[in-house]
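The values are calculated or read from the model by the stated rules, or taken from the named source; none is laboratory data. Here the structure is a predicted model, which means the values were calculated and not measured. Positions of Cβ are backbone-derived with ideal geometry, glycine not excepted, and every protein chain shown enters the neighbour counts.
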């Protein structure tokens, strides 16, 4: 008697976590790109009526060795998006992607906490686009923890 090959069970939760991660990563990428364009052009109308946006993005803390901070955020979001895309195509990405995304998002959360501290206590101005970026990386970090835990319990 022939045995049927069982297809691996795909969990609907895994599917939703994956697509939620993709969506948040795309939003984070667009936000970081917006901040980079604002930094490079200096167009104050992009602040949407909030002067804090200009104060934060043109403070002495807005660059590291001449590189705008938004470049680091943009790079992190793009790296996470690439890993998510590769998870469906490469075995190594599928096995190690959740851990890599966890590491990148953890670094992002720590860096964002530092930048938020600077906004509130040093610069004394709040950039709503920076807050949005912080929210995106925090949500990605939470999703990364959930995906990592689910991967290790399988």
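Against the list (1) farther than 21 Å from residue 84 by Cβ; (2) free of Cβ contacts under 8 Å to residues at least 40 places away in the same chain; (3) part of a helix (DSSP H, G or I), the condition residue 15 fails is (1).
Given the criteria in contact with a helix residue (DSSP H, G or I) (Cβ under 7 Å, 6 or more places away or on another chain), crowded, with 17+ Cβ neighbours inside 10 Å and farther than 24 Å from residue 18 by Cα, does residue 137 qualify?
On the way: in contact with a helix residue (DSSP H, G or I) (Cβ under 7 Å, 6 or more places away or on another chain): yes; crowded, with 17+ Cβ neighbours inside 10 Å: yes; farther than 24 Å from residue 18 by Cα: no.
No, not satisfied.
Before we move on, is residue 31 surrounded by 14 or more Cβ atoms within 10 Å (Cβ to Cβ) and modelled with pLDDT under 95? Break it down stepwise before answering.
Numbers: surrounded by 14 or more Cβ atoms within 10 Å (Cβ to Cβ): yes; modelled with pLDDT under 95: no.
So residue 31 fails the test.
Being under 23 Å from residue 116 (Cα atoms), at pLDDT below 95 and surrounded by fewer than 10 Cβ atoms within 10 Å (Cβ to Cβ) narrows it down to one of 45, 4, 9, so name that one. Break it down stepwise before answering.
Details: 4 fails: under 23 Å from residue 116 (Cα atoms); 9 fails: under 23 Å from residue 116 (Cα atoms).
Answer to the selection: 45.
Scanning the range 129-154 for residues being under 19 Å from residue 11 (Cα atoms) and part of a helix (DSSP H, G or I) gives a total of 11.
If you go through the range 122-139 and keep only what is under 19 Å from residue 38 (Cα atoms) and without any contact (Cβ under 8 Å) to a residue 24 or more places away in the chain, you end up with 131, 134.
Total residues in the range 140-154 satisfying the condition of being free of Cβ contacts under 8 Å to residues at least 40 places away in the same chain and under 17 Å from residue 24 (Cβ atoms): the figure is 2.
Rundown of residues vs (1) touching a helix residue (DSSP H, G or I) at 6+ places or on another chain (Cβ under 6 Å); (2) touching a residue at least 12 places away in the same chain (Cβ under 8 Å); (3) buried (at least 19 other Cβ atoms within 10 Å of the Cβ); (4) within 17 Å of residue 148 (Cβ to Cβ), yes/no style:
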| site | (1), (2), (3), (4) |
| --- | --- |
| 57 | yes, yes, yes, no |
| 62 | yes, yes, yes, no |
| 81 | yes, yes, no, no |
| 89 | no, no, no, no |
| 92 | no, no, no, yes |
| 97 | yes, yes, yes, yes |
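Listed conditions (1) under 23 Å from residue 43 (Cβ atoms); (2) part of a helix (DSSP H, G or I) are all met by residue 61, apart from (2). Just one of the listed residues (105, 70, 75) is within 22 Å of residue 151 (Cα to Cα) and at pLDDT 95 or above, namely 105.
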